[in-house]
Structures are given as C-alpha cells and as structure tokens.
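Presented below is the structure to which this report refers.
The values are calculated or read from the model by the stated rules, or taken from the named source; none is laboratory data. From a predicted model like this one, the values you see are computed outputs, not experimental measurements. Please note: Cβ atoms are built from the backbone with ideal geometry, for glycine as well, and neighbour counts cover all protein chains shown. The protein model used for the area step is the full one, side chains on, heavy atoms only, and it has no ligands, DNA or RNA in it. Shrake-Rupley method; radii C 1.70, N 1.55, O 1.52, S 1.80 Å.
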Amino acid sequence: MIDFFAAHAIGTAIAVIVALSLMGHSVGISMVAGSLIYLLAKGYDPSLAPETLLQGLFNGYTLLAIPLFILAADIMNIGSLADRLLRFSQALVGRFRGGLGHVNVVSSLIFSGMSGSAVADAVGMGKIIINMMTKDGKYTPAYAAAITAATATVGPIIPPSIPMVLYAIVSDQSVGYLFAAGLAPGLLMALVMALMNYWIARRRNFPTDEAVPLRDLPAITYKAAPALMLPVILLGGIYGGVVTPTEAAAVAAFYALFISVTFYRSVNLRQFYTALLGSARSTAAVGVLVAGAVTFNYVIAREGVPHAIADWLGQYEFSRTGFLIVINLLILSLGMVLEGGAILLIIVPILIPSVQAMGIDLVHFGVIAVVNAMVGLITPPYGLLLFIVSNITRQPVGKIIREVWPFIIALIIALGIITFVPDFVLFLPRLLGYQG
Amino acid sequence: QDKVELIYSDTVSENDIRSTILQDEFAACLGDGFDFQAHHGATLFQQGTELTAMQRGNLDMGNLAIFDFYNQVPSTSVLGVPFLFRDYDHMRAVYDGDVLADLEAEIEEKAGVKILAYPYIGARHISYVGDREYMTPADLDGVKMRFPGGEGWQFVGTAMGATPVPIPFTEVYTALQTGAVDGQDNGFPATHSMKFDEVINYMGLTSHLIAANEFTISLSKWNSMSPEQQETVQGCADNFQAALDQVTLDQENELKDQFIANGINVYMPDNQAFQDHVLQVYRDSKYSADWPEGLVEAIVAVGQ
Amino acid sequence: MDRLKTIWSWLGRRAQNVLALLLLTMFVAFLLQIVFRYFLNLPVGWTVEWVAIAWLWGILFGYAFVVRETEVIHLDVLYDAMPRGVRRGFDVITGVFVAAVFAWTLPATWDYVDFMKIERTAYLRWPFNFVFFIYIPFAIAVIVRALMTAWAGLTGTGPRFHIQDSAGSHDYD
Ligand code: NA
Ligand code: NA
C-alpha cells in the first residue's frame, strides 16, 4: 500500500488536488495539501512545501505589482475617476452594441504597453472595467469577467513582457526581437476578441445607450481628462526611464489618489482606508492561489516531469506541422494546471532542443509558447485569471467558464495563425534586422 | 551495492553551455556507481537557498556564489572583494594552492558543506549606455549602475564610485533600454546571455571580480561515501572545473570580438586607479572586520 | 459571552488595521524607491526587501486573520451542482483531510522556520525565522478553517461560501 503511493506519488498528489478542489475546498490550499501528500508519499522532508511556498513568494519580484494595481483600481472606483471614464466611454461607444466590451479590449491593449503581467492587467484595469460594464445591468457580471480575463492575456504578448524576458533567457534569443515579434500577434489577439464580442453582442442583443449629442462630448472629455492622462503618464514614466514596470503600479495608485483628492475632491481618509483594506483582502485571496501554484512547482521539478514529456515526444516521428500542433496542445493543457512562469522556466527549456531539430525559428517559437501559456491562464479547470476575475466579481467560476469559451475559441484561431504563418510573427523583427 | 544518489540544483538555464559541461564532464565522469540528478534554472531551489537546503539534507550538491556563505561564515566575504585577483591565472593559483585551507576548514565546520572545486565563470566588467569612456572611479560619480541585490553586492558598486541600483536580474534589460539605469556589471557571458549587449554601447574591462562559483557537496553526503567514491567525485569535480574554465575563457575571447564587431566600444580603464580606490574603501569599511588576519596579503602575494 | 464576542470583533478589526497598514507601507516604500533613485540619485535597496516581506505577510497574515471563507477562491462547478446532502459530505471529507495533512506536517514546518534563524535578509539583516514565522499562524488557521468546514458539514449549518446570484444579475441565455 505504502509502496503503491510512493511509486505513484505525483499521480496521488494530482488526484488529491483535483478531488479537493472539485469538492469545493480552497484551490490554493488544495495545491499545498497535494504537494504535502506528494512529499509524505515519497518519504521526503514535508517542510519542502512550506519552504518552496515561502521562498517562492519572497523572491517573486514580478508579482509585487499585483497588490498595487488592485489598490489603484480600488481608488479609481471610490474616487469618481471610474465614473467619469465610464461616461466618456459611453459617449464614445455606448450607441454601438457591445461598446463597453470593445472598451475592455482596447484598455487591455493600452495596459499591455505598461505591464508585462496578465494578472496585473486583470486586477488593475479589469476591476475598473468590470464595474463600468455591470453598473447599469447591460452586461452580466459573468460576461464582463470572462472578457476581462480573456483580454488580459494580451498583456505579456505586447512589450514590455516579463514572460518574453524569461523565454529569452532560457532560449538564448534576443529580447528586442522577441518584443518586436509579439506586437503583431498581440494586436491580432485583440482583434479576434473584439470580433467575438461584436458577434456575441449582436446575437444576444445587448442593449445600447442613447447616442450622446456631439456638443456634449467636449464637456464629458474635459471631466474625464485627468483620468485619461493616467496611461500617458505611466507609459511616459516607463519609457522615459523614471520607473520600472513593477514600480508603475505604485505610480498608478498614487496618481489615482492624487487626482481623486485634488481635482475631484472625492476621497476622504475613511474611504482610502476602505480601499486599502479591500485591496489587501483581494491580494491575500489571490496570493494564496499563487502560493499554491508556486508550491506545486517543486513537485513538477523534482519528478522530472519536463524530461518525461521530452522523452515521450521523442518516441514519435512528427512532421513539422504535427509537431507544432502537439506542442501547442501540450503547453495549452499544461497551462491549465501550471502558472505561466513555471511553464516558461521548467517545461519550455527542455522542449527547445527538439524545436531546433525541427528547424523551427526560436523567436517564432517563443511567441507561440508565451501566447499558449497565456491562453492556458483562462482555460478551465485551473486558470489563474479565471479565479482572479471570479474573486473580483464574486461570480462562481463555473458561470465565468461558460462565458469564456467563445473567447478561448477566438484566441485559438489567432494562435493557429500565429503558429502556421511564421512571417506574420517574424516580419517586424526582420525589419529591425533579425536574420531568422 | 546501491548507487549513490546525488541531487543537484543550480540557477543556470537548462540550455546553457554550463549545464551541458556539467553533464558531459561531471555526471558522465561519475560512472555507474552514481545517480546524479541535475535540476537547472532554479527550478528546485531558489537562488541563494541551496546552502540551507544542503544543510537540511534536502539537497546534495550545488554550484554556489561566494555571497551565499556570508551569513553563516562572514569571513568568506574576503573572496568577494573587488580587485583581489589580478587576473584569471592569479585566481586559479590561489584556489589551487593552500592559502585558503583555514577558510575552507572554517566553512566545513560552520556550514557543514565541502567545496569540491571553484569553476571560473568569468570576470565582471562595467558596461553601460554612455557617450564616453569612464576611466577612473571619479568618472563613475553619479552613474547609475545596476549591481545585484543585497548589501554586500551594492557595496561593490559604492566602492567603485558608482551609484549602485538593485534592479532584479529579469528587469535589467528593460531598465537599460529605458534609462532607468545607465549600466550594469556582469561579465561577457551573462551580458550576452541576458542580451544586455543589445542595449549597451560601452564596456570597460575592469575585471573587478574574477568570479568563480563554489561547486559544493553537503558534508553529510560526503561522509556517507566510501573513500573510493569520494575520490571519484573529487576527480570529476576537478574535471568539471577544468572544462568550465576553458569554456569560459574561450567564450570571453569570442564575445569580446563579437561585441567589438557589433560596434560596442570595449576599452581598458585605468584599473590601478580603481584598485587603489576600492581596496582603500574596503579597508575603511565594516567588511574588513570579517576578513581573516593576513589573508588578503597572502592572496595578493600569490600573484606576485 | 457577549464580552467574548466584543473582544473577538475588536481583535478582528485590529487584524484588519494591520493588513491595511502592510499594503500602505508597500505603497509608500515603492514611492520612496522611485523618489530616492530618480529624483535624489540615491538608490536604496531596503524598499524592495520590505515590499517583498509585506507581500508575503499580507498574503499569509491576511488569509489567517482577515479573509473570510466567501472571499477565498473556490472551484464551484461540481460542488454547486450537488444536492445538499452530498455537499455536506464533501465539506466533512475535505475539511478533515486538509486539517489532518497540515497538522501532521506542522512539526516539520516549524523545524524549517526555526532553522532559518541562521540566515538573514540582504538589507534589513532580519533573521529569516522572523520573516517566515507568519507561516505558522497561517498553517494553524488553515487547520482551524478546515475543521470548521467539516463541522459545518456535520451539523448542516453550511454551505459556507455558496454565492447567491445578486438581484441585479441575470443570464441572457
Ligand atoms: Na480588458
Ligand atoms: Na506588455
């Protein structure tokens, strides 16, 4: 009996995680419990689980932007920034069906220029836009949550991008060319999601607003101007060398607070405290999930799962197309259970030799891998972004999953183009001198 | 007889040539009596946590940096002093000789690990985005240089006259690109593998740190092996060190040519001015209090 | 009994104060870091370290003492589809199992946290057993919460986190 569990420790651990989560226990805690079960079954030191969790969070620098982007969003919501932005957006696109859905897509595009993290986008911009979309009941919270999670995947495709930097390190490719290669695919992803939003809005007949008279537009724009300046300030701050992308989160929160207090005079100390506490609670809830994923990485690494996958792939003689399809399916399904960083650092390095052997360009493959890892974040059952928007909207994950499928399909179509039309990905880097 | 299981963790990427060298020159050399399990890219243990993992019996071997020992064996900080070694040959002569015998004994006693070899990983130089050659510490005044995080590392930057900035490794590329920092201090291999050479236009060959890793095994694992097994492990570690040294030296030469060909101004600063300034700053600092009596002098003497 | 409740809710509010304060210090530390580096040309390192500590403590302290079960992220697809009796069964099984696993490994966990006193953080030079200590109350809170889940299932006072649709929301399909 004990021998059986030792021999199938990783299987047992995964079974425990799936069972506990499906039976309604906290997903993050279930992942820690599964990791502990693995260590016990193997007879290893059980303290490796808390050690991995603590060191992973303590050294997870790129995650530090999350709480401050949540805070920025909360301040924008209690101040009237979000309201003014909403009125401005409605005036511009409210008369079109699915207008705010398109605003959601565009806002992710803007946000992706400042942040290299999909999670930061979902919690930052996402929180504001979900509020806007659901305030007057035009969109269900589940739909707003689903489109927010889906569009957040664009963040790390368009530069700057932390996942692309991680990939550049493991694959020995140029960060600059990878950044350039991500631009067209990122825009394509935004386009297909906008089309999907348009189609759904037509089919479900989402209500529209009365057209705002043109003469009202200047006043509405003027009132929203300070809020509209936020992306300009952040982009300027990052590309002007004042702040790093992680620090930009703090600047966003500071700017929102500053504008709310000085221009709109709409935030008092009490409200600021409420925003702080609310953001900190969201951070803790999301953080426990991240902590669980980080802890399980130890199990994946210790068991040599990546090498097992590479060996398995090596048994077959794939054509180039077949190989690309298999790799896509593989990373996509891994993305359901692992967080994006783990895929890029643990799994991708081991696939790279076979990718090279297949004659696939490594910059092209980098974009494929990162897009895949990001789509994995919204693919059920374990999709970090799904859980995060669930936490923001207080909607059951199941409802969001029902709404997110069309967007996953749209993204997979984009992924198909990205995968099988290398020139689409590589023309920009080549313009910049890439010899691939 | 059972195989000796050796679990190894480092922070180098799986596809890095250093990982290949480890496989070819150490793992393959061990032979059938060993089961060597290498985990690269800090996937098993985070950078800097390998030492405690070894002490707790959860890891057998690692390739550590000298600063990893500082908390438990403060006297090791002497090996992290800039301009301690004149060049590669000096560094190699010191590690091959017996000047460090006392320090190594102290490490074994206090940290419970044994250093098998000191593979060379390259000299660190200053490289930056600028419009002129910085020749002396005074030239670095007000220049924002990224040095690795941690008090000890940041002090290297201060001692060299720069304004040290602790940007995380993965953010350095963007920071150089946007101008959040002006420069950084990795050697040729890391500057190339992290793509910083895409952004910088000057590289001053300060060689301020002739850096070697500490290829380390836990004492409990070491003592559990037979003398023959110990001999095998030590021999293969020497093998690994020799191979990695050669690869690093070759790489430095190739990359230097490549950088120059790509239009980077690679030049030789006034290193005597740097050395005088840096060693003085260190002697006046709290760090020199940790140094074993006379060791710096003994190390310098090896170079003469 | 009333007095106990008053003390309990007073403690709850103080825990909230601490959590909000942790985020506030993260916010301020990041701003200081920018000001010191960009405007004063005096880069500092302790800010990054403090932010990392506050992030770690914010998550574990927040989960242990502030966050309610309704805020924790659950996968509710199967759970919500089950009849009440089955859900109660689920709560008992998962609650007892998780409590047992965390309790069983608690001594080893303590051993690690305590062991880390030999290492210190890079800037503030704080012993790591202090920094990592927060995991202990976190682990105990996980055990207590899991037992409460099991108890709720046993006595039928659950489910504790089922999210009712708000009045304003409706499905289109
Ligand atoms: Na969005
Ligand atoms: Na981005």
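Could you tell me whether A:ALA72 is closer than 22 Å to A:ILE128 by Cα, within 16 Å of ligand 1 (Cβ to nearest atom) and more than 8 Å from every other protein chain (Cβ to nearest Cβ)?
yes
Scan segment C:115-132 for residues that are closer than 17 Å to B:GLY112 by Cβ, in contact (Cβ under 8 Å) with a residue 12 or more places away in the chain and at the interface with chain B (Cβ under 9 Å from one of its Cβ atoms) and the total you get is 2. Cβ-Cβ under 8 Å, sequence separation 6+ or interchain: first residue in segment B:280-293 and without any contact (Cβ under 8 Å) to a residue 12 or more places away in the chain, partner in a helix (DSSP H, G or I) and surrounded by 14 or more Cβ atoms within 10 Å (Cβ to Cβ). Which pairs? Between residues of segment B:280-293 that are without any contact (Cβ under 8 Å) to a residue 12 or more places away in the chain and residues that are in a helix (DSSP H, G or I) and surrounded by 14 or more Cβ atoms within 10 Å (Cβ to Cβ), the close pairs are B:SER288/B:TYR282.
Counting residues in segment C:36-52 that are in contact with a Pro (Cβ under 8 Å, 6 or more places away or on another chain) and under 30 Å from B:GLN55 (Cα atoms) gives one or more.
Would segment A:84-105 turn up any residue that is within 16 Å of ligand 1 (Cβ to nearest atom), of a type in the set (Phe, Trp, Tyr), under 21 Å from A:THR221 (Cβ atoms) and in a helix (DSSP H, G or I)? No, segment A:84-105 has no match at all.
So, A:ILE169, is that one in a helix (DSSP H, G or I), open to solvent by less than 10 Å² (accessible area, probe 1.4 Å) and more than 12 Å from ligand 2 (Cβ to nearest atom) or not? Spelling it out, it is not the case that A:ILE169 is in a helix (DSSP H, G or I), open to solvent by less than 10 Å² (accessible area, probe 1.4 Å) and more than 12 Å from ligand 2 (Cβ to nearest atom).
Just to check your reading of the model, which residue among C:VAL51, C:VAL67, C:VAL72, C:VAL92 is more than 9 Å from chain A (Cβ to nearest Cβ) and not aromatic (Phe, Trp, Tyr)?
Answer to the check: C:VAL92.
When A:ALA184 is tested against (1) away from ligand 1 (no atom under 16 Å from the Cβ); (2) in contact with a Lys or Arg (Cβ under 6 Å, 6 or more places away or on another chain), only condition (2) is not met. When you look at B:ALA212, is it more than 14 Å from chain A (Cβ to nearest Cβ) and buried (at least 24 other Cβ atoms within 10 Å of the Cβ), yes or no? The answer is yes for B:ALA212. Considered as a group, the residues in segment A:239-260 that are buried (at least 24 other Cβ atoms within 10 Å of the Cβ) and among the aliphatic types (A, V, I, L, M) include one that is nearest to the other protein chains (Cβ to nearest Cβ), and that residue is A:ALA250.
Selection of first residues in segment C:6-32 that are assigned by TED's automatic domain parsing to the domain that holds C:VAL48 and of second residues that are of a type in the set (S, T, N, Q), restricted to Cβ pairs under 8 Å at least 6 apart or on distinct chains, gives the following pairs, ordered by first then second residue: C:LEU23/A:SER279; C:LEU23/A:THR283; C:ALA29/C:THR47; C:PHE30/C:THR47; C:LEU32/C:THR47.
What about C:VAL86, is it at the interface with another protein chain (Cβ under 9 Å from one of its Cβ atoms) and either free of Cβ contacts under 8 Å to residues at least 24 places away in the same chain or in a helix (DSSP H, G or I) (or both)? Spelling it out, it is not the case that C:VAL86 is at the interface with another protein chain (Cβ under 9 Å from one of its Cβ atoms) and either free of Cβ contacts under 8 Å to residues at least 24 places away in the same chain or in a helix (DSSP H, G or I) (or both).
Screening the candidates B:ALA243, B:ALA301 for the property of being open to solvent by 40 Å² or more (accessible area, probe 1.4 Å) and of a type in the set (Gly, Ala, Ser) yields one hit, B:ALA301. Can you tell me which residues in segment B:164-198 are surrounded by 21 or more Cβ atoms within 10 Å (Cβ to Cβ), more than 7 Å from chain A (Cβ to nearest Cβ) and of a type in the set (A, V, I, L, M)? Matches in segment B:164-198: B:VAL165, B:VAL172, B:LEU176, B:VAL181.
Among residues belonging to segment A:141-159 that are open to solvent by 10 Å² or more (accessible area, probe 1.4 Å) and assigned to a loop (DSSP other than H, G, I, E, B), point out the one that is farthest from ligand 1 (Cβ to nearest atom). Give the steps one after another, and end with the answer.
Initially, segment A:141-159 is screened for residues open to solvent by 10 Å² or more (accessible area, probe 1.4 Å), giving A:141, A:158-159.
From what is left, the residues that are assigned to a loop (DSSP other than H, G, I, E, B) are A:158-159.
On the way: A:ILE158: 13, A:PRO159: 18 Å.
The residue in question is A:PRO159.
Residues that are more than 8 Å from every other protein chain (Cβ to nearest Cβ) and within 19 Å of C:PHE138 (Cβ to Cβ) within segment C:1-20 comprise C:LEU11, C:GLY12, C:ARG14, C:ALA15, C:ASN17, C:VAL18, listed in sequence order. Could you figure out which of (1) more than 16 Å from ligand 2 (Cβ to nearest atom); (2) part of a loop (DSSP other than H, G, I, E, B); (3) surrounded by fewer than 24 Cβ atoms within 10 Å (Cβ to Cβ) isn't true of A:ARG215? (2) is the only condition that A:ARG215 fails.
Among the residues of segment A:25-38, the ones that are facing chain C (nearest Cβ under 7 Å) and more than 24 Å from the chain's Cα centre (by Cα) come to 3 in all. For segment B:94-116, state whether one or more residues are assigned to a strand (DSSP E or B) and of a type in the set (Val, Ile, Thr). Within segment B:94-116, one or more residues are assigned to a strand (DSSP E or B) and of a type in the set (Val, Ile, Thr).
Screening segment A:382-398 for residues that are among the β-branched types (Val, Ile, Thr) and more than 10 Å from chain C (Cβ to nearest Cβ) and picking the one that is most open to solvent (accessible area, probe 1.4 Å) gives A:ILE392.
Within segment A:302-321, restricting attention to residues that are under 16 Å from A:SER333 (Cα atoms) and open to solvent by 30 Å² or more (accessible area, probe 1.4 Å), the residue that is farthest from the other protein chains (Cβ to nearest Cβ) is A:TRP312. Taken over segment A:117-131, the residue count meeting the criterion of being at pLDDT below 80 and open to solvent by less than 10 Å² (accessible area, probe 1.4 Å) is 8. The set of residues in segment B:105-150 that are of a type in the set (D, E, K, R), closer than 26 Å to B:GLN272 by Cα and either within 14 Å of chain C (Cβ to nearest Cβ) or buried (at least 17 other Cβ atoms within 10 Å of the Cβ) (or both) comprises B:ARG124, B:ASP139, B:ASP141, B:LYS144, B:ARG146.
Each row is one residue, and each column tells you yes or no for (1) out of contact with any Phe, Trp or Tyr (no Cβ under 8 Å at 6 or more places or on another chain); (2) of a type in the set (A, V, I, L, M).
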| site | (1), (2) |
| --- | --- |
| C:VAL86 | yes, yes |
| C:PHE138 | no, no |
| C:VAL142 | no, yes |
| C:ALA152 | yes, yes |
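Selection of segment A:39-54 for residues being more than 17 Å from B:GLY57 (Cβ to Cβ), more than 7 Å from chain C (Cβ to nearest Cβ) and within 30 Å of the chain's Cα centre (by Cα) yields only A:LEU53. Filtering segment B:67-76 for residues that are under 21 Å from C:GLU119 (Cα atoms), open to solvent by 20 Å² or more (accessible area, probe 1.4 Å) and within 14 Å of chain A (Cβ to nearest Cβ) leaves a non-empty set. Checking each residue of segment C:85-92 against the condition of being touching a Gly at 6+ places or on another chain (Cβ under 9 Å) and among the acidic types (Asp, Glu) gives at least one match.
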